[in-house]
Each structure stands twice: as structure tokens, then as C-alpha cells.
Amino acid sequence: MELLAARHGARLRKGKERARVGEATIDTRRVALAIPITYVNESGQAVRPLVRRFGVSPDQLVVVHDELDLPVGEMKLKAGGGLAGHNGLRSIVAHLHTQDFLRVRLGVGKPPSKERGADHVLNRLGKRERAELDVVVEQAAEAVETIIRDGMPTAMNRFH
């Protein structure tokens with residue numbers, strides 16, 4: 001979101017919704033950009049009031065998140081679906097009472113050992129992984145812009 005904010009001149013400021021929030025115009029559409037400042041497993045506490053504030057329906061909500069089931073640096077787009085054990089998604093679903101939102105899934109790979117997923121995600125990255133994630137973050141920003149401009153089916157065709 002920080003990259004999207006920078007690309008479109010939005011300033012992310014701490015809001016009452018437990019998130020850093022900014023508004024931008026992407027291809028003539030006014031959009032809200034937000035980064036929850038809650039723990040990941042409490043993301044829904046920020047998402048629900050933001051959805052209400054901006055009058056966004058779940059099918060207009062785009063959640064960008066890490067994904068253990070994808071290799072480092074890979075990105076997949078998805079509309080609705082399961083949680084794949086992601087506690088942040090579980091929180092959003094619990095607060096919105098639906099799984100029908102759009103997702104941009106960024107691969108962080110599976111833990112190399114029996115390490116827990118949360119520990120794996122929070123570990124410091126090596127130079128190679130950092131470089132791969134920097135590239136996929138750029139792609140994710142482009143994917144979100146495409147979703148906003150052309151819709152999810154077009155974005156899925158372009159990025160898959």
C-alpha cells in the first residue's frame with residue numbers, strides 16, 4: 001500500500017480505524033488505501049470500520065497479503081475462497097461475515113523446517129529473498145491498479 005500511495009500521491013495517516021489510511025485517485029476512481037496497525041491476526045478490527053467508512057462492498061475490497069503456499073516472489077490473484085490457515089484473513093472474514101473479497105497473494109514460501117508460519121514470516125529475509133519480494137511488491141501494486149482500472153478477470157489474465 002505504501003508503494004501505491006507513493007505512486008498516486010496519497011499520504012497514509014493514522015486513522016481512528018486502527019489503520020494508516022489515505023485516499024488516492026487511480027484511473028479516475030477514488031480509492032482508499034489502508035494498512036492496518038493491528039496485529040495481523042486482528043486485521044478485521046481495522047478492515048470492518050474502513051469498509052463502513054468508505055462504503056465499500058466486499059467485492060470491491062482488495063486485500064494484499066502474504067501467502068505461505070506460494071514460493072517466494074510468486075503472486076496470485078483470487079476472488080473469494082478459503083483462508084489457507086491465514087489468521088489475518090480469518091479475522092477479516094469474522095468481522096465482515098463473508099469471504100467474498102478480492103485478494104492479491106504474495107508468496108513468502110513455506111518454512112524450511114517445522115518452524116511455525118508466523119515465525120517464518122517474521123524472520124529477517126536474505127538478500128535474494130528480499131530482492132524477489134521487492135519485485136513482487138511492484139507487481140502487486142500493478143495488479144491492484146489493474147483490478148481497479150479493468151476488473152479482476154482482466155487482472156487475473158494479465159498476471160497469471
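The values are calculated or read from the model by the stated rules, or taken from the named source; none is laboratory data. Predicted, not measured: the structure shown is a model, and the values here were computed from it. Heads up, the Cβs are rebuilt from the backbone with ideal geometry, glycines too, and the neighbour counts pull from every protein chain shown.
A few remarks follow.
- Looking only at the range 101-113, and only at residues there that are surrounded by 14 or more Cβ atoms within 10 Å (Cβ to Cβ) and either out of contact with any strand residue (DSSP E or B) (no Cβ under 7 Å at 6 or more places or on another chain) or among the aliphatic types (A, V, I, L, M) (or both), the one that is farthest from Thr146 (Cα to Cα): Pro111
- Total residues in the range 77-127 satisfying the condition of being modelled with pLDDT of 95 or more and among the basic types (Lys, Arg): the figure is 4.
- Complete set of residues in the range 1-52 that are under 24 Å from Asp134 (Cα atoms), charged (D, E, K, R) and in a helix (DSSP H, G or I): Glu2, Arg7
- Qualifying residue in the range 35-45 (condition: among the small types (Gly, Ala, Ser) and farther than 11 Å from Gly88 by Cβ): no
- If the condition is being surrounded by fewer than 21 Cβ atoms within 10 Å (Cβ to Cβ) and out of contact with any strand residue (DSSP E or B) (no Cβ under 7 Å at 6 or more places or on another chain), then the range 85-100 contributes Gly85, Asn87, Arg90, Val93, Ala94, His95, Leu96, His97, Thr98, Gln99, Asp100.
- Conditions (1) buried (at least 19 other Cβ atoms within 10 Å of the Cβ); (2) assigned to a helix (DSSP H, G or I); (3) of a type outside the set (Lys, Arg); (4) modelled with pLDDT of 95 or more; number of the one not met by Pro153: (1)
- Of all the listed residues (Leu70, Leu50, Leu33, Leu61), the sole one being of a type outside the set (Ser, Thr, Tyr), in contact with a strand residue (DSSP E or B) (Cβ under 7 Å, 6 or more places away or on another chain), at pLDDT below 95 and within 24 Å of Gly151 (Cβ to Cβ) is Leu70.
- Residues in the range 61-86 that are of a type in the set (A, V, I, L, M, F, W, C) and assigned to a strand (DSSP E or B): Val62, Val63, Val64, Met75, Leu77, Ala79.
- Enumeration of residues in the range 19-59 that are in contact (Cβ under 8 Å) with a residue 40 or more places away in the chain, surrounded by fewer than 16 Cβ atoms within 10 Å (Cβ to Cβ) and of a type outside the set (D, E, K, R): Asn41
- Scan of the range 94-110 for residues that are within 14 Å of the chain's Cα centre (by Cα) and not in a loop (DSSP other than H, G, I, E, B), ordered by number: Leu102, Arg103, Val104, Arg105, Leu106, Gly107
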